[in-house]
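So the structure is just underneath, and the comments pick up after that.
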Amino acid sequence: MSKHYVLRVIKFLFFALIFVRVSAQTSSGVNPQVKDSTGNSGMVKTRYFKPASLIIPGAFVIYVGLKPVVSGIRDLDNNIMSSVMARYPDFHTNAADYLMWAPTASIYTFDAFKMKTTHNFKDHLILDAGSILVTGGAGFVMRKIAAHIPSYSNKGTEFPSGHTANAFRGAEIVHQELRYTHPVWSYSGYLVATSVGLLRIYNKNHLFTEVLAGAALGILSTKATYWLFDKFNHPRTPKNVAIH
C-alpha cells in the first residue's frame, strides 16, 4: 500500500464526515425554544439521535470496535503511521493544543456579538461544562478498558485521542447552537475538529483508529449532554410542536 494512498484515505474519511453530516438532519430529545444571547426565544423542536445523524459516529464506533478481530484495520493503522513517520519525520506542532478549544470558544463569541443561537449564555456554560464532564468521563473509562486490550495499547499511544474528542465535542456544540439560525455555519466547527484529528496523526501522537474513536466520542457525548439538558429543562413535549 503506497504512502500517498494511505494519507488520502485519512483525508477522505475525515472530510466525508463533514459532507455526510451536512446532508443529514439530527434528532431525538426536546428543546422547544431557540434563544439568542439576550434570552429571546421561539418555538422549535430539536432532535439529537435521529438515525441519519448517527451514521458517521456509529460507523466510526463499529470500525474501531472491529480492530481486535480484523487484521486489515490494524494494518491500516500501522501503514498510516509508518507513512507519516517516513514522509514527515520532523513534523511537529502544538497547534492542536489550541485549535481543539476553538469551536467551543466560538460559542461565547456568538454570545458577545448577540448572535441568535439555540440556547443563551447561561445555558452555554452548563452545556459546555456538562459535555466536558461526559466526554472526559467516557474517555477515561475507554482508556482504562483499552489498556487491557493489546490491539488498542501496544503502540505506546493512548486510545482514544483526547484532543480529537474535545475538538469534536466543541464542533457538535457549534452545530447544535447554529443549526436553525445559521445552518451552513453550523458545520464550520467540524472543519476545525477534522484539522485537529489530522494534526494528531501527523504529529505521530495517535493512530488512525484512536482519532476516529475520539471523533465519535466527542460527537456522541455532546449529543447525550444536550439530550439530558433538555430532559431536565423541558420534560414534556407540547403535542402541537411539529417534528422536523
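The values are calculated or read from the model by the stated rules, or taken from the named source; none is laboratory data. Here the structure is a predicted model, which means the values were calculated and not measured. FYI the Cβ positions are ideal-geometry reconstructions off the backbone, even for glycines, and counts take in every protein chain you see.
Of the residues in segment 56-81, how many are without any contact (Cβ under 8 Å) to a residue 12 or more places away in the chain and of a type in the set (S, T, Y)? Number satisfying all stated conditions: 1.
The set of residues in segment 160-218 being hydroxyl-bearing (S, T, Y) and more than 19 Å from I73 (Cβ to Cβ) consists of Y180, T181, S186, Y187, S188, Y190, T194, S195, Y202. Only residues that are assigned to a helix (DSSP H, G or I), closer than 25 Å to S221 by Cβ and among the basic types (K, R) were counted across segment 48-96, and they come to 0. Contact annotation: residue pairs with Cβ atoms under 7 Å, 6 or more positions apart or on different chains, pairing a residue in segment 202-216 that is closer than 17 Å to V141 by Cβ with a partner that is surrounded by fewer than 24 Cβ atoms within 10 Å (Cβ to Cβ) and small (G, A, S), are G214/G162. Is one or more of the residues making up segment 97-107 surrounded by fewer than 14 Cβ atoms within 10 Å (Cβ to Cβ), under 18 Å from I201 (Cβ atoms), at pLDDT 95 or above and of a type in the set (S, T, Y)? The answer is yes, given that some residue of segment 97-107 is surrounded by fewer than 14 Cβ atoms within 10 Å (Cβ to Cβ), under 18 Å from I201 (Cβ atoms), at pLDDT 95 or above and of a type in the set (S, T, Y). When residues in segment 63-96 are screened for being of a type in the set (S, T, Y), closer than 24 Å to A146 by Cα and either in contact with a His (Cβ under 9 Å, 6 or more places away or on another chain) or exposed (fewer than 12 other Cβ atoms within 10 Å of the Cβ) (or both), 1 of them pass. Take segment 174-200 and flag every residue that is among the polar types (S, T, N, Q) and over 24 Å from H92 (Cβ atoms). Selection gives Q176, T181, S186, S188. Can you find a residue that is among the basic types (K, R) and more than 24 Å from N120 (Cβ to Cβ) anywhere in segment 152-161? For segment 152-161, residues among the basic types (K, R) and more than 24 Å from N120 (Cβ to Cβ): present. Among helices (runs of 4 or more DSSP H) entirely within segment 130-228, having at least 3 residues that are crowded, with 23+ Cβ neighbours inside 10 Å singles out 162-178, 188-202.
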